[in-house]
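Enquirer: Input: one structure, supplied below.
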Amino acid sequence: MRADAQRNRARILDAAEAVFAEFGPRASTEEVARRAGVAIGTVFRHFPTKDDLLAAIMKRVLAQLVEEAGQRDLFAFFGHVVAQAAAKKTVVDLLAGSGVNIQLPDAVDHLKEAVGRLLEQARAAGAVGAPVGLPEVMALLASVCQGALHGGWDEQLQARTLAVIFAGLKRN
């Protein structure tokens with residue numbers, strides 16, 4: 001992809017995230033194009049449908065999480081992801097409310113691998129008990145993010161909930 005096309009794609013994704021956050025499912029691709037400073041044809045060249053645009057946003061969000069996992073330990077990553085879920089529910093809400101079912105197995109697998117590395121590091125440091133496996137950690141992460149997302153958890157509730165989870169992970 002040419003450099004200008006890459007820049008346009010990034011601007012479209014940035015604008016789309018903001019537009020969907022503001023307008024939800026009724027967000028228009030025309031508004032995305034306007035905010036990105038590109039023609040509507042450019043949006044459609046990169047993303048032929050709104051679902052394609054949403055999938056690209058989700059893929060980018062998952063890639064950012066993988067990158068952030070490399071900069072934190074397991075517990076800090078858990079806290080970061082839960083805080084993001086509580087504060088930034090834009091695309092997830094849009095997908096749930098619109099009935100769009102976007103499958104991104106490769107991106108999800110990369111996230112699982114990153115969390116798996118964090119789990120191994122925590123286990124090696126003695127911060128997590130041996131019987132705790134990746135399926136349990138992923139289930140806990142998904143569940144607590146859903147709670148924070150749909151429950152509108154404040155920072156205190158996030159911290160208390162994470163403290164309970166972390167204590168359980170350390171005991172095993």
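Enquirer: Do we have residue 62 as crowded, with 17+ Cβ neighbours inside 10 Å and farther than 20 Å from residue 113 by Cα here?
Expert: The answer is no for residue 62.
Enquirer: Looking at the range 126-137, can you tell me whether even one residue there is open to solvent by 20 Å² or more (accessible area, probe 1.4 Å), of a type outside the set (Ser, Thr, Tyr) and at pLDDT below 90?
Expert: First, the residues of the range 126-137 that are open to solvent by 20 Å² or more (accessible area, probe 1.4 Å): 126-127, 130-131, 134-136.
Filter again for of a type outside the set (Ser, Thr, Tyr), leaving 126-127, 130-131, 134-136.
Filter again for at pLDDT below 90, leaving 130-131.
Taking every residue of the range 126-137 in turn, at least one turns out to be open to solvent by 20 Å² or more (accessible area, probe 1.4 Å), of a type outside the set (Ser, Thr, Tyr) and at pLDDT below 90.
Enquirer: Restricting to the range 106-120, name every residue that is among the hydrophobic types (A, V, I, L, M, F, W, C) and open to solvent by less than 50 Å² (accessible area, probe 1.4 Å).
Expert: Looking only at the range 106-120, we keep the residues that are among the hydrophobic types (A, V, I, L, M, F, W, C), and these are 107-108, 111, 114-115, 118-119.
Residues satisfying the conditions are 107, 111, 114, 115, 118, 119.
Enquirer: Can you name every residue in the range 135-172 that is part of a helix (DSSP H, G or I), among the acidic types (Asp, Glu) and farther than 23 Å from residue 113 by Cβ?
Expert: The initial filter retains those residues of the range 135-172 that are part of a helix (DSSP H, G or I), namely 135-151, 155-171.
Filter once more, keeping what is among the acidic types (Asp, Glu): 136, 155.
155, the sole residue that qualifies.
Enquirer: Which numbered condition trips up residue 76, out of (1) in contact with a helix residue (DSSP H, G or I) (Cβ under 8 Å, 6 or more places away or on another chain); (2) open to solvent by less than 60 Å² (accessible area, probe 1.4 Å)?
Expert: Among (1) in contact with a helix residue (DSSP H, G or I) (Cβ under 8 Å, 6 or more places away or on another chain); (2) open to solvent by less than 60 Å² (accessible area, probe 1.4 Å), the lone unmet condition for residue 76 is (1).
The values are calculated or read from the model by the stated rules, or taken from the named source; none is laboratory data. Remember, predicted model here, so these are calculated numbers, not experimental data. Neighbour counts are summed over all protein chains in view; Cβ atoms, including those assigned to glycine, are modelled from backbone coordinates with ideal geometry. We work out accessible area using only protein heavy atoms, side chains counted, and drop any ligands, DNA or RNA first. Shrake-Rupley method; radii C 1.70, N 1.55, O 1.52, S 1.80 Å.
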